[in-house]
1. Counting only the backbone N, which residues of the range 149-176 are under 16 Å from the spot 7 Å out from the Cα of R200 toward its beta-carbon?
2. At a 1.4 Å probe, what is the % contribution of carbon and sulfur to the accessible area of the chain?
3. In the range 200-258, which trypsin sites (Lys or Arg not before Pro) fall in coil by DSSP and have 12 or fewer other Cβ atoms within 10 Å?
4. Under a Cβ-only charge scheme (Lys and Arg +1, Asp and Glu -1), can you give me the dipole magnitude of the chain about the Cα centre, in debye to the nearest 20?
5. Find out how many positive minus negative residues lie around E36, taking Lys and Arg as positive, Asp and Glu as negative, among other residues whose Cβ is under 9 Å from that of E36.
6. Which whole-Hz ³J(HN,Hα) couplings does the range 14-23 yield from phi under the Karplus relation 6.51 cos²θ - 1.76 cosθ + 1.60, θ = phi - 60°, glycine and proline marked x?
7. Residues with amide H under 5 Å of L335's amide H, sequence separation 5 or more or different chain, H placed in the peptide plane at 1.01 Å from N; which?
8. Once Rh is set to the Kirkwood radius over Cα pairs, what Stokes-Einstein translational diffusion coefficient, in µm²/s, holds for the range 177-251 at a temperature of 4 °C and a viscosity of 1.567 mPa s?
Amino acid sequence: MKRVAVIPGDGIGPEVIREAVSTLEAVRSSFGLGIEWTLFDWGADKYLSTGISMPEGAMEMLRQDFDAILTGAFGDPRVPDNKHAADILLGMRFGLDLYINLRPITLLDPRLCPLKGREPRDVDFVVFRENSEGLYTFMGGNFKRGTGDEIAIQEEINTRKGVERIIVAAFEYAKRNGRRKVMMTDKSNVLTYGHDLWQRTFKEVASRYPEIEANHLYVDVLAMWMVLDPGRFDVIVTNNMFGDIITDLGAALQGGLGMAASANINPGKVSLFEPVHGSAPQFAGKNVSNPIAAISTAAMMLEYLGYEDAAKSIDGAVKQSVVDSQTTRDIGGSLSTSEAGDAIRSHLR
């Protein structure tokens, strides 16, 4: 039996995660899946009432008792510094060493792409973002804060272990999934120490996979080519900050953040799956948010847990709903969140 921790989160999180869980229930029944889930109410409401983001021992419980974690978004204007969001989401990423952030960029229907004349075959790649190092480690400080002489230092951390394992993960994914090319992107022309490590490590790892074409672009050039010719990419691997930026650009190519699923993975261990849109508190409770990112994220989780047929069934149902315009208004449909979820489930095979 596979055990999943479900954390709906804040804002629109509970609404879209409800549709994801309902879809999991549908495929669990029809595919006879050995999967169960436990709901946790960690989020802004809990934090505001108790002052606690996650209970003591929560990380160890997740590590020992669960196979995967499905979350919504975190963030609430009632918590201006969003401390609870950092404690929960970043706490799990770092605490569980979820070093792979995997973002598929897949166009399901040509009308969703803002680029003219693009077909699904032109927008079909994945991004491997290093998820545990880089500029997002909160290392640095301020000197003479609040004065005209203030100095702010933010450290970027790159280790050989961290860089190598995310690059290996990208090549292994390409090998398993018939992808022919891996593109590494950095800014080694000006970040001459940390990104030189990326350059050297990428070349060494690439030599182990002679059947896969290995290429490099500086990140500004890569962003340009994502717009001019996204079809040139198969697998992209990059650092934490650049990955954060280019995956949102990729989401725009596939129809917006409401379409964007993601996984935070430590292979073979408990891993975290989350739609990457924000909590969008202005839309919370209005039943208007797009549930596709959450439902597609649930499909990614099923694939990780070994239920590939059920995952493919969900992906197919999502695509059919998009093609039939049985969607929410943000991508051209007229359905509510719950109606869009029902439409997807009606297409399950």
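The values are calculated or read from the model by the stated rules, or taken from the named source; none is laboratory data. What you are looking at is a predicted structure, and each value in this text was computed from that prediction instead of being measured. Quick reminder, even Gly has a Cβ in these numbers, built from the backbone with ideal geometry, and neighbours come from all protein chains shown. Heavy atoms of the whole protein, side chains included, go into the accessibility calculation; ligands, DNA and RNA do not. Shrake-Rupley method; radii C 1.70, N 1.55, O 1.52, S 1.80 Å.
1. What the label zone holds, given the 16 Å backbone N cut-off, is 158-165.
2. On the way: 7990 of 15470 Å².
Carbon plus sulfur share of accessible area: 52 percent.
3. Numbers: sites: R200, K203, R208, R232; in loops: R208.
Listed in order of number, the matching sites are R208.
4. Values: 37 positive and 46 negative charges, 125 e Å.
Roughly 600 debye for the chain.
5. On the way: positive: K2, R3, R28; negative: none.
Once all neighbours under 9 Å are counted, the net charge is +3.
6. Using θ = phi - 60°, the values come out as x, 5, 6, 5, 4, 5, 5, 5, 4, 5 Hz.
7. Distant-sequence amide H within range of L335: T327, T328, R329.
8. Values: Rh = 12.9 Å.
Roughly 101 µm²/s, to the nearest whole number.
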